[in-house]
Every structure is written in structure tokens, then in C-alpha cells.
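Here is the structure we will look at.
What follows draws every value from the coordinates through simple rules; no lab data is involved. Predicted, not measured: the structure shown is a model, and the values here were computed from it. Don't worry about glycine lacking a Cβ; one is built from the backbone with ideal geometry, like all the others, and counts go over all protein chains shown.
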Amino acid sequence: MRTEDDLRAAFTELERHAPDAARVLPGSGRGRRARISRPAWRLAIAVPVAFALAAGVLVAVLPSRQPVPPSRRPVLTAAQLLADRAAAAALASPAVSPGAWVYQQTEFSGPGPHRAGVPDHYVQDGWMTADGNINYGAGSIGNPIFPYSKLGSLPRNPAKLNAYFRSLDPVKTDNTSSVEFSQIKQMLFGMVLPPSLKAEMFHALALIPLIQVKDHVKDIAGRAGVAFVMPPTRNNDKQEIILDASSYQLLAPDSDTAILKEYLVAELGSTQPSTAPPSATELAAERIDYYQEHLINPPKINSVTPGQWLYRDVRTDGKDNAIWATADDSAQAEYVNGTLRVCQRTDPCAASEQWLMPAGPSYSLIYPPYPHRAQAQALFKKYLQALKHHPNAASPFQQVKRLHVKRPPTLPQYPRPLLVKLNTYKTGCGDAAADCNAVNVAANVLTGYGNYPSLKATWFYALADVPGVSIQHITNAAGQKDIAFTFPSRDGVTAILINARQLNAGTIQYDGYVRDGQQTLVLDQALVRGPGVRP
């Protein structure tokens with residue numbers, strides 16, 4: 001195998017002899033762009049350098065046992081040689097489940113002009129699913145541009161891939177090279193592609209007419225790399241894709257960002273490498289998370305204030321009961337012997353009241369107020385106005401960051417520490433080893449607080465971490481199809497029910513819970529003007 005110095009020497013020689021990295025290459029004589037067939041990916045990198053440099057080109061050994069005349073050997077440009085190396089590295093990587101979690105640590109340069117004493121580089125930890133649909137501070141590009149479930153419909157031919165990407169250009173720009181490059185970059189950095197498709201993406205890069213290769217590149221972290229470069233045009237800035245100079249793995253999507261770490265982990269929030277596939281419970285939590293972020297059918301109630309009264313029709317053991325409660329569960333009302341009784345948490349009646357929310361964190365802990373939000377918005381508005389007259393106006397990034405230093409207390413934002421915290425609340429169950437307190441708290445909060453469309457998705461990820469949890473598909477006592485997060489606890493809440501029909505339609509709806517084999521269902525809920533008022 002050639003050394004890295006040999007490769008760089010080959011790049012230099014190729015740029016001198018063949019500056020047009022995407023010219024039509026000699027091949028079958030039918031005028032099409034020639035490329036090495038897939039079995040030759042690894043063979044193409046094993047050609048003796050001496051012969052290549054003497055001839056001013058690089059040649060590849062074709063997958064045939066018969067000698068090939070020099071005149072019929074295809075010519076490889078610098079871009080194609082780099083594509084071969086990157087494709088071989090891609091093919092050596094394992095296939096990944098779309099729902100698998102990827103941990104990514106990214107270094108990037110801060111926005112705006114940098115002042116003395118203020119760091120201009122920042123490091124951020126993030127997590128995303130391999131399909132790119134769910135993202136917590138990861139993903140160097142952002143949301144994927146193509147549905148992961150439809151990747152199989154993409155052409156498995158580099159030239160046809162480029163043609164397809166050109167067809168996606170909404171403005172039909174005349175600079176198709178930039179369009180192709182941008183689309184491929186988003187595919188490579190926005191999700192974890194299947195190995196074979198990722199390899200084809202690199203070969204598609206090599207066919208872009210204006211593509212260039214630059215060696216001796218360093219990312220912002222100072223690591224050695226080699227890059228595919230799309231030079232600037234009248235309407236587009238320079239673009240690049242930097243690969244590691246030794247492993248040919250993706251290193252950075254541009255000169256301002258670097259991927260320091262990237263590997264599979266078992267769950268959101270973990271930094272320990274793991275190739276374990278996601279469980280059915282984890283995948284159910286991911287669906288809830290995705291629909292919370294991208295609601296296809298928004299629920300009829302999507303926001304409430306803490307003091308807003310809600311009406312609920314609750315059924316337990318076949319008996320319906322009308323209950324009114326504020327969204328923060330600070331007050332509750334129901335008819336007792338024909339008389340409406342309203343009870344505040346601070347009233348003497350509170351001790352005998354059967355609260356929808358028996359135990360758990362305060363409403364303000366789950367939904368903390370952000371008193372500095374208006375200040376942050378004002379700073380950004382002022383900044384945008386200043387940019388109109390002063391292109392180098394100082395960014396308010398640091399000022400806004402300081403505003404949030406004194407944020408009010410909140411629950412942990414990632415599943416594992418959240419589960420630990422929820423278990424500290426005493427809910428009366430005895431099977432603490434089975435995380436029964438955390439499960440009870442989740443059921444209490446879902447039933448007692450005004451959670452619309454539902455709890456934050458991290459709560460469901462936390463429930464997916466309970467040992468022995470499983471997913472069951474049931475029909476509840478009201479005839480609704482439910483997905484049941486089912487727990488092995490010997491007492492307390494043993495299942496939390498999510499409406500399956502609504503979830504399949506893109507809406508999250510909590511249906512109830514099971515305690516000691518008995519279902520408690522929330523049949524209806526609506527915003528009302530006050531206690532005793534029915535919708």
C-alpha cells in the first residue's frame with residue numbers, strides 16, 4: 001500500500017498534468033464519463049507510483065485476469081483517486097440502524113468578530129439518530145434533505161446521483177456544480193448513510209465538473225486532512241469537504257467546523273461507545289420525540305398557562321368521574337354529593353383529596369419560566385438592526401449566554417440522570433429496584449399536569465431505560481388501540497398508555513395508566529373557564 005507522502009505526490013503530479021479534474025475520460029468510446037467499476041475500488045489504490053508518475057497519470061488494475069493494454073487503462077484524476085480511498089473506507093464501515101444514536105463532539109468558530117480574551121472556538125457535545133431525524137445539538141449540517149426510508153430509491157450510479165441532485169434545485173441555477181456539491185455534503189454530514197451509498201456519494205463528488213482536490217489541509221482543530229473543494233463562483237462561496245489524511249473518514253464540512261468525535265452510543269446522552277441496536281421501547285420513544293418536533297396533526301390543545309382550568313373525564317374500574325384542575329395542579333374540583341367542591345393544595349381539604357397528581361416535581365421545575373427571554377430577543381433585534389448599517393457589528397452571543405447563566409432550577413435534560421432524579425420522589429410503591437417511583441411520577445405528571453401534547457420526549461427515553469420495560473399493543477377499556485409502555489414492577493403503575501391511532505397519524509395523545517391491574521383512562525380533556533364548567 002502506498003504511503004501518504006506517495007498519495008500527496010500523486011496529487012501534485014496529477015494537478016500539473018490534468019488540471020481539469022472532471023474531464024471526459026477515455027473509456028468505452030461511447031462518450032460517457034468513465035469510472036472504475038465497484039470491484040476495483042480497492043485495486044485502484046494499489047498501483048505502483050513510479051509508473052504513475054513517469055506517465056503523468058495514475059492507472060488502475062481492472063478486475064480481470066487478462067493483461068490490459070496501456071491504451072485501454074482508464075485514467076484517474078486526483079478527485080477520483082481520493083474518491084476511491086474514501087469509498088473504500090466507507091465500505092469498511094458497518095451498516096447502522098436508522099434509529100441508532102450517534103454521539104458527536106463538534107468544534108466550531110464563534111459568530112461575529114472576536115474580541116481579545118474571548119474564546120473564538122467552542123466545543124459542543126450532541127446526539128442524533130443515524131437517520132438525522134432527531135437532533136440534540138449534533139449534525140454539522142442540520143436536518144437531512146432526504147428521507148432515510150427512501151434512500152433505497154436513490155440511483156446507485158454516481159453520474160445519475162448528480163443528475164438527480166441537480167433536479168432538486170428549486171431555482172435551476174446555471175452553476176450545477178455547486179448544487180451537486182451542496183446536496184452531497186448535506187447527505188454526508190446530515191445523517192449516517194449506508195456504506196454502499198456513502199461510497200457512491202464520494203464517486204459522485206469526483207464527477208462534478210468544477211471539483212478540485214487540496215492536500216495539506218488542516219481543520220480548525222489543527223488535524224491533517226485532504227479536501228474535496230468547490231471553488232467560489234459569482235453566486236456561491238467556496239465549499240469543501242475535509243477528510244482525515246490517513247483514514248479518509250469525514251473530518252469537517254467546512255473550515256469553521258470540525259467533528260472531533262463521532263461514534264455510536266446506546267442512548268441519548270451517553271458518551272460510551274456501543275453498537276447495540278435500539279430496543280422497541282427506544283424506537284417508540286423516538287417516534288414520540290419526532291412527532292413532538294414535527295407534529296403532522298397538532299392536538300386540539302397545544303399550550304396552557306399554569307393557572308388555566310381543564311376539564312377531564314376520568315374512568316377508573318369502569319366508573320366515570322368529572323374532575324376539574326388547574327394546569328399546574330395547584331387546585332382541583334369535583335362534585336361531591338351533588339355539590340361542587342374546590343380544593344386548593346394549601347387548604348385543609350387537600351389531605352383527603354384524591355389528587356390527579358399525587359406526587360412528583362413541581363410544575364415550575366418541569367416547565368421553568370425564562371425571565372430573560374424578552375431581553376435575549378431584544379438584544380438579537382438590536383443586533384439585526386445594527387447589521388444593516390455596520391456589517392461588523394458585535395454579535396450579542398456572549399451577552400445572551402450570560403443571561404442564561406442564572407437559569408432557574410430544572411430537571412436533568414438527558415434520560416439516564418432524569419430517571420435517577422425521578423426515583424427520588426416517594427410515591428408509595430415498594431419495588432424501588434424496578435424504578436417504580438420514576439414510573440409512578442411519570443403517570444402522575446401525565447395525568448395531573450396540563451401536558452400538551454405530552455411530556456417532553458426525554459421522559460419517554462427515561463422510561464425506556466427502566467430494566468425489563470417492554471412495548472405491548474393493547475385495546476384499552478374504552479376500546480382504543482394503545483401502545484403500552486409496560487414495566488415489571490410488582491406494585492404501583494405497571495403501564496403507561498399512548499394512543500396508537502393518534503401516534504400513527506402524527507399526534508401524541510396520552511390515554512392513561514394501569515395500576516395494580518386496573519386501568520385509569522383520561523377519556524376527554526378540554527380547556528374551560530373555571531371549575532364546574534363543561535366543554
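Dipole of the range 130-220, Cα-centred, from +1 at each Lys and Arg C-beta and -1 at each Asp and Glu C-beta, to the nearest 20 debye?
120 debye
With R₀ fixed at 25 Å, the C-beta to C-beta distance from Thr305 to Asn504 puts the FRET efficiency at about 0.25.
One decimal place: the segment Gln385-Tyr122 gains 92.1 nm when fully extended, by the rule 0.36 nm per residue minus the C-alpha distance. Database remark: amide H of Ala245 closer than 5 angstrom to the amide H of Gly225, Val226 (H placed geometrically; neighbours at sequence offset of 5 or more, or on other chains; Pro and chain starts carry no H). With the simple spin-label model, which puts each label point 7 Å out from Cα in the Cβ direction, the Ser255 to Gln272 separation comes to 4.2 nm. Expressed as a whole percent, the proportion of Cα-Cα pairs in the range 244-300 lying more than 17 Å apart is 62%. Fewest-first ordering of His203, His294 by other beta carbons within 10 Å of each residue's beta carbon gives His294, His203. Full extension of the chain between Asp320 and Arg416 yields a length gain of 30.9 nm, computed as 0.36 nm times the residue separation minus the alpha carbon distance. Full extension of the segment from Thr233 to Ala394, taken as 0.36 nm per residue of separation minus the current Cα-Cα distance, would add 55.1 nm.
The trypsin sites (Lys or Arg not before Pro) of the range 269-360 meeting both criteria, a DSSP state outside H, G, I, E and B (loop) and at most 12 other C-beta atoms within 10 angstrom of the site's C-beta, are Lys300. Phi-derived couplings, Karplus 6.51 cos²θ - 1.76 cosθ + 1.60 at θ = phi - 60°, listed residue by residue for the range 226-238: 9, 10, 7, 10, 9, x, x, 10, 4, 10, 9, 6, 4 Hz, with x used for Gly and Pro.
Taking amide H atoms as placed 1.01 Å from N in the peptide plane, the amide H of Gln239 lies under 5 Å from those of Met230, each 5 or more residues away in sequence or on another chain.
Across the options Tyr311, Leu283, Asn297, the greatest Cα extent toward the positive end of the charge dipole of the range 246-311 (unit charges at beta carbon of Lys, Arg, Asp, Glu) belongs to Tyr311.
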